[in-house]
Amino acid sequence: MAGIAESHDVLDRVTALDPARRAGEASAAAAVAAGTDATAEAPATDLTAAAFFDVDNTMMVGASIFHFARGLAARKFFTTSDLLGFAWQQVKFRVGGRETDVSGHRDTALSFVAGRPVAEVVALGEEIYDELMADRIWAGTRALAQMHLDAGQRVWLVTATPVELALIIARRLGLTGALGTVAESVDGHYTGRLVGEILHGTAKAHAIRALAVAEGLDLRRCSAYSDSVNDVPMLSAVGTAVAVNPDSELRDTAKERGWQIRDFRTGRKAAKIGVPSVLGAGVVAGAIAAGVAHRRR
């Protein structure tokens, strides 16, 4: 994990890029460096198709960064008034049913870990996941991810949450890995700065395109899942887009473009999800792709 966070080499490679592209390239580089999680029960046999899942309100109820902030506040990383700022964003997030602009608060959260050892923050992330996040996973979305794993495909989370926390969530769910916001670190300690910007909006699209190149994915055979209209660039970059617990704007966009809609807030059961409806002919094509050698980075 510390090696992933040592981002100054990544920073050198992408210095000339715009912030969103820079964030996406850095996130993909971190995901490749992390490798494939060996804890996934189903082996990856369909190596040119994959699924990408947003986290906040898609895979998890509420905002993962807020849950993380709560855990850090309980450990005296920052003050109660700072946490109230996160809380207000969480209220708007939950009531509005969509992502709001929380980039400033994410930057603030990173400033509080400035100078802290990466290993320490990662260890705390493991604890905080168990305390505040494990029971907030949407069962229906988790079933969708498992569907792709069972089909022999790899599954990555794609989130504005710091990549170290995103990787913890992915590992606990038995997923392949995660693309997240990369915080700069030097000599194993956070500087408090980001590499590029928050992995948000177009940055997510840049991240999955960069990962596709590195991992030999055919994005036309890939799927993406999100609740927010902010993720339309990511959803548009793949062959199959699915709106999960969508905000009103994304629901309208999904209807206009013929994208699938899954809403687990209504209590619909994951058992109603059918493999053909999401994977379609990609599963059949996967039988052919399984015979193609995959070059690991």
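Select, from 180, 192, the only residue that is open to solvent by 20 Å² or more (accessible area, probe 1.4 Å), part of a strand (DSSP E or B) and either closer than 25 Å to residue 254 by Cα or touching a residue at least 24 places away in the same chain (Cβ under 8 Å) (or both). Spell out how you get there, then give the answer.
Details: 180 fails: open to solvent by 20 Å² or more (accessible area, probe 1.4 Å).
One residue alone meets the criteria, 192.
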Next on the checklist: Taking the conditions exactly as written (in a helix (DSSP H, G or I) and modelled with pLDDT under 90), does residue 9 satisfy them or not?
Outcome noted: yes
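When you scan segment 231-264, how many residues do you find that are among the β-branched types (Val, Ile, Thr) and in a helix (DSSP H, G or I)?
Selection size over segment 231-264: 2.
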Checklist outcome for this item: Looking across segment 195-207 at residues that are small (Gly, Ala, Ser) and assigned to a loop (DSSP other than H, G, I, E, B), the single one that is surrounded by the fewest Cβ atoms within 10 Å (Cβ to Cβ) is 201
Item to check | Yes/no for residue 241 being touching a Leu at 6+ places or on another chain (Cβ under 7 Å) and at negative phi | outcome: yes
Next on the checklist: Based on this model, can you work out whether residue 160 counts as touching a strand residue (DSSP E or B) at 6+ places or on another chain (Cβ under 8 Å) and modelled with pLDDT under 95?
Outcome noted: yes
Item to check | Members of segment 12-27 that are assigned to a helix (DSSP H, G or I) and modelled with pLDDT under 85 | outcome: 12, 13
Next on the checklist: List the residue pairs whose Cβ atoms are under 6 Å apart, where the first residue sits in segment 239-253 and is open to solvent by 10 Å² or more (accessible area, probe 1.4 Å), the second is part of a strand (DSSP E or B), and the two are 6 or more positions apart or on different chains.
Outcome noted: 240/223
Item to check | Answer from 123, 114, 119 - the residue that is at pLDDT 65 or above, in a loop (DSSP other than H, G, I, E, B) and over 16 Å from the mean Cα position of the chain (by Cα) | outcome: 114
Next on the checklist: Just to be sure before I move on: is residue 118 within 27 Å of residue 215 (Cβ to Cβ) and among the β-branched types (Val, Ile, Thr) in the structure I sent?
Outcome noted: yes
Next on the checklist: Restricting to segment 91-111, and then to whatever is open to solvent by less than 20 Å² (accessible area, probe 1.4 Å), part of a helix (DSSP H, G or I) and out of contact with any Leu (no Cβ under 8 Å at 6 or more places or on another chain), can you tell me which residue is modelled with the highest pLDDT?
Outcome noted: 106
Next on the checklist: Between a residue in segment 56-72 that is closer than 11 Å to residue 137 by Cα and open to solvent by 10 Å² or more (accessible area, probe 1.4 Å) and any residue that is at pLDDT 85 or above and in a helix (DSSP H, G or I), which pairs come within a Cβ distance under 7 Å, given they are 6 or more apart or on different chains?
Outcome noted: 61/136
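The values are calculated or read from the model by the stated rules, or taken from the named source; none is laboratory data. Keep in mind it's a predicted model, so treat the numbers as computed, not measured. Reconstructed Cβ throughout: ideal geometry from the backbone, glycine too, with neighbour counts over all protein chains shown. Areas reflect the complete protein model, heavy atoms only, side chains present, ligands, DNA and RNA absent. Shrake-Rupley method; radii C 1.70, N 1.55, O 1.52, S 1.80 Å.
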